[in-house]
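Note sheet for the following structure.
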Amino acid sequence: MKKIALLMTAVALSCNLLAAEDEAQFLQPNLKDEAQKVLFAAGIAATSIVRTSEGCKVEGLQEYISQVADKMDESQELVLISDSSYDVVFTDNQHSEQEVYAHIESVLHKIADLEDVDAIKEHLSELTEVHRATFIEKENQLILLDDAKLLYPGCKVWRKYPTYAELTHFHTDEECLVAFAAANLKCVEIKRPSFFGNVKWKQYLASNQDKAGLGKSYAHNHPFTLFYVTKEGES
């Protein structure tokens, strides 16, 4: 079965994505179909209903998923990949937690203008030891998100990825599932890849001593969620 992978992250280049150590560990093993078609979606807004001169129109995530569904045939499977664990800082295994947070604080102090997107990208990209983290605006400052309850569907968040930083939108699992249903798609499986504990994480470290590795946050948290979706009635 062919797979269409739609990445719900503001990914600019596939080489950036595939260079990530955590995605080599967790994503690639779950996308084994060599015939898959990968689609990158950057900063999709939340599902919303907009009034127009012709009536009401659905925009954002739901509209996007519906457009993808229209192009799917019965033999295809959509793999929707969404960021997860927004309030967790995922790092390499070469720096202490104290070093990481001190570096984050130092970088955030450099950001003076929240309207200067290019400058924010440049500064956040300095956090090379940080694979994934979320930053939000609060009281005219950019701060590190430490509580996912502050987020709401479609709100804008800055995301630090392994090789770059980007402004994107937050989406809940529920919003994704509603979008699938509205497009007559069936979610047949959901995966939240992780080491699921210290034992497998330490085994990974032991077999990857020549790499920067994945930090302790990966032991119990999943960096992204995978939704496997087919046309309604298919399995």
Could you list all residues from segment 208-219 that are touching a helix residue (DSSP H, G or I) at 6+ places or on another chain (Cβ under 8 Å) and surrounded by fewer than 22 Cβ atoms within 10 Å (Cβ to Cβ)?
Lys211, Ala212, Gly213, Lys216, Ala219
Quick check: anything in segment 191-199 within 30 Å of Glu105 (Cα to Cα), in contact with a helix residue (DSSP H, G or I) (Cβ under 9 Å, 6 or more places away or on another chain), at pLDDT 95 or above and in a helix (DSSP H, G or I)?
yes
Can you confirm whether Cys176 is more than 27 Å from Glu21 (Cα to Cα) and of a type outside the set (D, E, K, R)?
no
Within the bounds of segment 147-167, is there any residue that is out of contact with any Leu (no Cβ under 7 Å at 6 or more places or on another chain), surrounded by fewer than 14 Cβ atoms within 10 Å (Cβ to Cβ) and over 30 Å from Ile65 (Cβ atoms)?
no
Of all the residues that make up segment 130-151, how many are part of a loop (DSSP other than H, G, I, E, B) and in contact (Cβ under 8 Å) with a residue 60 or more places away in the chain?
2
So Gln203 fits all but one of (1) outside the structural domain of Asp22 (by TED's automatic domain parsing); (2) under 23 Å from Ala133 (Cα atoms); (3) surrounded by fewer than 17 Cβ atoms within 10 Å (Cβ to Cβ); what number is the exception?
(2)
Cβ pairs under 9 Å, 6+ apart, first in segment 212-225 and over 19 Å from Thr163 (Cα atoms), second small (Gly, Ala, Ser) and outside any loop (DSSP other than H, G, I, E, B)
Thr225/Ser82
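The values are calculated or read from the model by the stated rules, or taken from the named source; none is laboratory data. Predicted model only: the values in this text are computed from it and were never measured. Note: ideal-geometry Cβ built from the backbone for every residue, glycine included; neighbour counts use all protein chains shown.
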